[in-house]
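Q: I'd like to ask you about the structure that follows.
The values are calculated or read from the model by the stated rules, or taken from the named source; none is laboratory data. If you're wondering where the values come from, they're calculated on a predicted model, not measured in any experiment. Cβ sites come from the backbone with ideal geometry, for glycine too, and all protein chains shown count toward neighbours. Protein only, heavy atoms only, side chains kept; ligands, DNA and RNA dropped before computing areas. Shrake-Rupley method; radii C 1.70, N 1.55, O 1.52, S 1.80 Å.
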Amino acid sequence: MSRVHNMAQARDNISVKYHEFMRICSNNKLPIFFEGEDEKYYSIRLDNLMNVEWVGINCGGKKKVISLRDKIRISEAYHDKKSLFFIDSDFDQNEEIKKLTDVYLTPCYSVENLYISDSAFIKILRSEFNISEYDESPDCYLRAIQCFKDRKREFLEAITDFNSLIHYLRMKEASGELKTKLNLNNIDIDKLVSISLTEVKKIYSLEKYRELFPELPEDFEINLDISESYLIRGNSEMIFRGKQNLDFFRTFILLLRQDRGKKSDREVFLESGKIKLQLTKANTLSELSQYADTPHCLKEFLAA
């Protein structure tokens, strides 16, 4: 598919979404623009923190959200129409976007990062696994928390090189030095790490990065010094790519559910129990949304 065709398709998509925006306005509802499926995270928070009828618009990407915002703000008819725009920080610079008062930018790589905190995990233990520090088996509760913290630490260590590589590739894309389009959604978690309740092991090799991205040009070489310096300064739970973080979280909870359901030879739990939580890969954002963190900056943005 040619670059010209892709650009034409993007313009058509923006036009379709703009007309959707107009129809929402004509019904006196607040239009809210999302990159993709992020509405699954934001929906419950918008309902709780705003007293207004709103309708979400899935734009199909960060650049399209910003393009639609620009199109609306220069429109003679709609330039002052209240609309909200929600995007992820990713590994982008975002300096100009931060100046826009109608755009919410995540304080982490993406909304997926807000799902894997210790506090989110504790809520899941209490609500879905029905254990807490106050029941008859507080040791199970404490053991589950420690197991999660240990495996999460191992995972973040194991995935560091991968995130350095992604950061580097994104920098090269932004500078125009890399023109190949990378589809990161093709990389499953089991290509990167092996996860169990007893350990997380790195199974990819940075030296064999072409196995992860065979579409890279043959003469393309990597130098991760700048990317490694960037990542080492931040909280990896927050700044690492959110999709892999959430994939780990989902996998760990499913392993914990499996352990809870065993008749014997359990790693964490003393007693067997049935867990109703399903956690389908396609709908984890929805199924765990109520447990994810709500940043203070989001509350401030919606209160403004």
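Q: From the C-alpha coordinates alone, can you work out the Kirkwood hydrodynamic radius of segment 121-175, in Å?
A: On the way: mean 1/r = 0.0734 Å⁻¹.
That comes to 13.6 Å for segment 121-175.
Q: Here's something else I'd like to know. Could you compute the net charge surrounding Arg210? Neighbours are other residues with a C-beta less than 14 Å from the C-beta of Arg210; K and R count +1, D and E count -1. Don't skip to the end; give the middle numbers.
A: On the way: positive: Lys191, Lys208; negative: Glu207, Glu211, Glu215, Glu218, Asp219, Glu221.
Computed value for this residue: -4.
Q: Using r as the Cβ-Cβ distance of Lys243 and Glu207, and R0 as 25 Å, what FRET efficiency do you calculate, to the nearest 0.05? Walk me through the intermediate numbers first.
A: Values: r = 23 Å, r/R0 = 0.93.
The computed FRET efficiency comes out at 0.60.
Q: Between Glu133 and Lys262, what is 0.36 nm times their sequence separation minus the Cα-Cα distance? Round to one decimal in nm.
A: Numbers: separation 129, 0.36 × 129 = 46.44 nm, distance 2.19 nm.
So the chain would gain 44.2 nm between Glu133 and Lys262.
Q: Report, in degrees rounded to the nearest 10, the 0 to 90 angle that the Cα long axis of helix 3-26 makes with the longest principal axis of the chain.
A: Rounded to the nearest ten degrees, it is 90.
Q: What's the angle, to the nearest 10 degrees (0 to 90), between helix 160-175's Cα axis and the longest principal axis of the chain?
A: So the helix axis and the longest Cα principal axis differ by about 10 degrees.
Q: Which of Asp219, Asp47, Asp38 moves most in a GNM of the chain, Cα contacts under 10 Å?
A: Asp219
Q: Considering only Cα-Cα distances, which of the following residue pairs are longer than 24 Å: Lys63/Lys98; Lys82/Lys123; Lys63/Lys202; Lys98/Lys202; Lys40/Lys201?
A: Values: Lys63/Lys98 15 Å; Lys82/Lys123 35 Å; Lys63/Lys202 33 Å; Lys98/Lys202 35 Å; Lys40/Lys201 31 Å.
Table pairs above 24 Å Cα-Cα are Lys82/Lys123; Lys63/Lys202; Lys98/Lys202; Lys40/Lys201.
Q: In addition: Given H placed 1.01 Å from N in the peptide plane, which residues other than close sequence neighbours of Trp54 have an amide H under 5 Å from its amide H?
A: Leu30
Q: Shifting gears a bit: Taking the Cα centre of segment 1-128 as origin and charging only Cβ (+1 Lys, Arg; -1 Asp, Glu), how large is the dipole, in debye to the nearest 20?
A: Values: 19 positive and 20 negative charges, 71 e Å.
It comes to approximately 340 debye.
Q: Take the Cα atoms of segment 177-235, find their three principal axes, and give me the spread along each one in whole Å, biggest first.
A: 41, 28, 20
Q: Let me ask something additional. Check which residues have an amide H placed less than 5 Å from Val193's amide H, if you skip close sequence neighbours.
A: Residues meeting the criterion, in which the H sits 1.01 Å from N, are Ile203.
Q: Can you give the Rg/Rh ratio of segment 199-261, where Rg is from the C-alpha atoms and Rh is the Kirkwood radius?
A: 1.08
Q: What order, most packed first, do the peptides 85-95, 291-301 have when packing is the mean number of other Cβ atoms within 10 Å of each residue?
A: Highest mean packing first, the order is 85-95, 291-301.
Q: Determine ³J(HN,Hα), in whole Hz, for all residues of segment 230-247 in sequence, where each value follows from phi through the Karplus function 6.51 cos²θ - 1.76 cosθ + 1.60 and θ = phi - 60°; x replaces Gly and Pro.
A: 5, 6, 5, 7, x, 7, 4, 4, 9, 9, 5, 4, x, 4, 5, 4, 5, 4
Q: Set Lys and Arg Cβ to +1 and Asp and Glu Cβ to -1, take the dipole of the chain about its Cα centre, and tell me which of Leu178, Thr280, Asn94 lies farthest positive.
A: In the chain, that residue is Thr280.
Q: To continue, here is another question. Give me the percent of the accessible area of the chain that comes from carbon and sulfur atoms, probe 1.4 Å, all protein chains in place.
A: Its accessible area is 48 percent carbon and sulfur atoms.
Q: In addition: Could you give me the ³J(HN,Hα) list for segment 76-86, computed from phi with Karplus coefficients 6.51, -1.76, 1.60 and θ = phi - 60°, whole Hz, x at Gly and Pro?
A: Values per residue, Gly and Pro as x: 5, 7, 10, 4, 10, 6, 5, 8, 10, 10, 10 Hz.
Q: Could you work out how far helix 62-73 tilts from the main Cα principal axis of the chain, as a 0 to 90 degree angle to the nearest 10?
A: So the helix axis and the longest Cα principal axis differ by about 40 degrees.
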